[in-house]
Amino acid sequence: VVRAKMDAITKRYIQPNGPTHMYWLPFDVDRTTASYDWDDRHCPPPNIVVVNPDNGHAHLLYGLEVPVRKAPDAQLKPLRYAAAVEWALCKKLDADIGYAGLIVKNPLHKDWLVSCPQDEPYSLGWLSDWVDLARVDYRKRPADYGLGRNVTVFNSLRHWAYRAVLQDWQSYDDWFEACLTRAHSYNTFPSPLP
């Protein structure tokens, strides 16, 4: 349910990113030391840390100075780069790889403890300076993790579309509907793309 901003900010959980752009890289860290051990792991300071005071578990949010476009018309190269940085940072933080990042603890809600260790948003290049992209084995990255879902759907769809475009389509609308139907058939992740 899409809510008005004034209603959404009163909820305990909120969606940090819209359907077409990723403004935040959110990570779920299920440790009592989650609010500060990013520093011990030599990770960049999060822009926002939202902590559950009952168990110390936290959502770490990294703001992006330039949002990553993840709509169907997004460029694949920047999306792959963003997915690689996201995965490498997830591994370095030892964050929950099953977390889809769709909703986060709302930093404006009274139930959570909030800190903001980093004021400036990050570029993907700046975040990549904190991780070793060469040492991350992307073959072990789950296809249904974060931005990897967009890349997985795009790669699957493009391989089908390169062959299917040679068929005799009655109209562009027929071609578009066939592509959309096929894309939906690939979107079978535990937390599907919107």
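The values are calculated or read from the model by the stated rules, or taken from the named source; none is laboratory data. Because the structure is a prediction, the values reported are computed rather than measured. Virtual Cβ from ideal backbone geometry, glycine too; neighbours counted across all protein chains shown. Only protein heavy atoms, including side chains, enter the accessible area calculation; ligands, DNA and RNA are left aside. Shrake-Rupley method; radii C 1.70, N 1.55, O 1.52, S 1.80 Å.
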Exercise for the section: Of the options L76, H57, P107, report the single residue whose Cα projects farthest towards the positive end of the charge dipole of the chain (beta-carbon charges: Lys, Arg +1; Asp, Glu -1). Expected result: L76
Fill in the blank from the handout: Carbon plus sulfur, as percent of the 1.4 Å-probe accessible area of region 1-63, comes to 55
Completion exercise
For percent of Cα pairs over 32 Å apart the list reads (1) 25; (2) 21; (3) 14; the calculated value is entry (2)
Practice task
Would you mind checking the radius of gyration and Dmax of region 58-132 based on alpha-carbon positions, in Å?
Solution key: 13.6, 40
Problem - In sequence order, calculated HN-Hα J values of region 37-50 (Karplus, 6.51, -1.76, 1.60; Hz; x Gly/Pro) - result: 6, 4, 5, 5, 8, 6, 9, x, x, x, 6, 9, 10, 10
Problem - Tilt relative to the chain, helix 148-164 - C-alpha long axis, 0 to 90 degrees, to 10 - result: 10
Handout entry: Debye, to nearest 20: dipole size of the chain, +1 on Lys, Arg Cβ, -1 on Asp, Glu Cβ
Key = 320
Handout entry: region 1-94: C-alpha gyration tensor shape, a/c 1.5 cut-off, then a/b vs b/c
Key = oblate
Handout entry: Share antiparallel - DSSP beta bridges, the chain, percent rounded to 5
Key = 95
Fill in the blank from the handout: Filtered hits (lysines, Cα-Cα < 26 Å from K105, offset >= 8 within chain) -> K5, K11, K70, K91, K92
Practice task
Name the residue, out of D73, D28, D173, whose mean-square fluctuation peaks in a Gaussian network model built on the chain with Cα pairs under 10 Å.
Solution key: D173
Handout entry: Among D132, D37, D174, residue whose mean-square fluctuation peaks in a GNM of the chain (springs only between Cα atoms under 10 Å)
Key = D174
Practice task
For every helix of n ≥ 4 consecutive DSSP H residues, a contribution of -39,500 (n - 2.57) applies; sum these over the chain, divide by its total residues, and give [θ] at 222 nm rounded to the nearest 500 deg cm²/dmol.
Solution key: -9500 deg cm²/dmol
Practice task
Can you tell me the 0 to 90 degree angle between the C-alpha axis of helix 76-93 and the longest principal axis of the chain, rounded to 10?
Solution key: 30
Practice task
Can you work out the accessible area per residue across the chain, with the rest of the protein chains kept in place, probe 1.4 Å, in square angstrom?
Solution key: 58
Practice task
Return one number: the angle in degrees, 0 to 90 and rounded to the nearest 10, between the long axis of the Cα atoms of helix 172-186 and the longest principal axis of the Cα atoms of the chain.
Solution key: 50
Completion exercise
FRET efficiency for F189 and D168 from the Cβ-Cβ distance with R0 = 30 Å, rounded to 0.05, comes out at 0.35
Completion exercise
Spelling it out for N106: with amide H atoms placed in the peptide plane at 1.01 Å from N, the residues 5 or more places away or on another chain with amide H under 5 Å from its amide H are Y13, I14
Practice task
Take every Cα pair under 8 Å in the chain that's 6+ residues apart, average their separations, divide by the length, and report that relative contact order as a whole percent.
Solution key: 25
Exercise for the section: Go ahead and set up a Gaussian network model of the chain, Cα springs under 10 Å, then flag whichever of F154, F176, F27 fluctuates most. Expected result: F176
Handout entry: Spherically averaged projected area in nm², based on the convex hull that wraps the Cα atoms of region 22-74
Key = 4.3
